[in-house]
Amino acid sequence: MSHHDCLHAEGRLRHGERIYSPNRALELVYQEDGNLVLYRRKDLHPLWASQTHGKRSNEVIMQGDGNLVMYDHGHPIWASNTHGQHGAILRLQNDGNLVIYNSRGGACWSTNTHGQCPEHEQDVLHPGEKLLPGHSIHSQSGNAQLIMQTDGNLVLYCTRDGNPVWASNTHGRHVREVIMQSDGNLVIYDTHGAAIWASNTHGQQGGVLKVQDDGNLCIYRHGTCNWASGTHGSC
């Protein structure tokens, strides 16, 4: 189960549940190992964690008194120590910061991770950048998501309804990565190093892959789209 970008008073997360930033570039996950972790989704780099892995717990609650608390069947094992801020909400922001705001709009706790997820970098793959299985990039508004799935398929989704609008049709293959090569070619490689799919745009040095808000996936060079998924208007 996923939530939007915030937890209101008495909102809670159970194992495997998460909240996303509005642009879908970040996620806060309450992991099965008991750790609450903030990830940048482009590379699954952890920006912050509660350091509670290995500890028994069953839920995280944004309490009505303003305190964010992790419990093990009624026993607190971690807290933000923000009690006394009645009506506070937990919000995951596009800038990479996880913040508890009080009812007056003042920040009373944060992970201090602002600036660690530049918005202008979350919708593109530059030359040499890659997505490993499970990694994803998103359009600036979060309307569209490109994910290198663990089943080997590279899929473009419209996030408002979760429907796939384009795919590489490489599911069932053992994929190592998809890389935006310096020669302008977008290539999916399997675990043996063999290319199993490509955009066939080699010779376009400096090309950049971009996920657009209109639902189109494009490879741009000098402002010209040299390859597209043909899905504009789908999101």
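The values are calculated or read from the model by the stated rules, or taken from the named source; none is laboratory data. No experiment lies behind these values; they were computed from the predicted model shown. Note that we place each Cβ from the backbone using ideal geometry, even for glycine, and neighbour counts take in every protein chain shown.
The one condition from (1) surrounded by fewer than 19 Cβ atoms within 10 Å (Cβ to Cβ); (2) within 30 Å of residue 178 (Cβ to Cβ); (3) without any contact (Cβ under 8 Å) to a residue 40 or more places away in the chain that residue 73 does not meet is (2). The set of residues in region 226-235 being surrounded by fewer than 19 Cβ atoms within 10 Å (Cβ to Cβ) and part of a strand (DSSP E or B) consists of 226, 228.
Candidates in region 98-121 are the residues that are modelled with pLDDT of 95 or more, crowded, with 19+ Cβ neighbours inside 10 Å and of a type outside the set (Val, Ile, Thr); of these, the one that is nearest to the chain's Cα centre (by Cα) is 98.
What do you reckon, is residue 116 assigned to a loop (DSSP other than H, G, I, E, B), of a type in the set (S, T, N, Q) and more than 30 Å from residue 10 (Cβ to Cβ)? Spelling it out, it is not the case that residue 116 is assigned to a loop (DSSP other than H, G, I, E, B), of a type in the set (S, T, N, Q) and more than 30 Å from residue 10 (Cβ to Cβ).
Conditions (1) part of a strand (DSSP E or B); (2) without any contact (Cβ under 8 Å) to a residue 24 or more places away in the chain; (3) aromatic (Phe, Trp, Tyr), marked per residue:
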| residue | (1), (2), (3) |
| --- | --- |
| 15 | no, no, no |
| 39 | yes, yes, yes |
| 42 | no, no, no |
| 69 | yes, yes, no |
| 104 | no, yes, no |
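Inspect all residues belonging to region 54-61 and state whether any of them is part of a loop (DSSP other than H, G, I, E, B), of a type in the set (A, V, I, L, M) and in contact (Cβ under 8 Å) with a residue 12 or more places away in the chain. No.
Scanning region 18-34 for residues that are in contact with a strand residue (DSSP E or B) (Cβ under 8 Å, 6 or more places away or on another chain) and within 28 Å of residue 178 (Cβ to Cβ) returns 18, 19, 20, 21, 23, 24, 25, 26, 27, 28, 29, 31.
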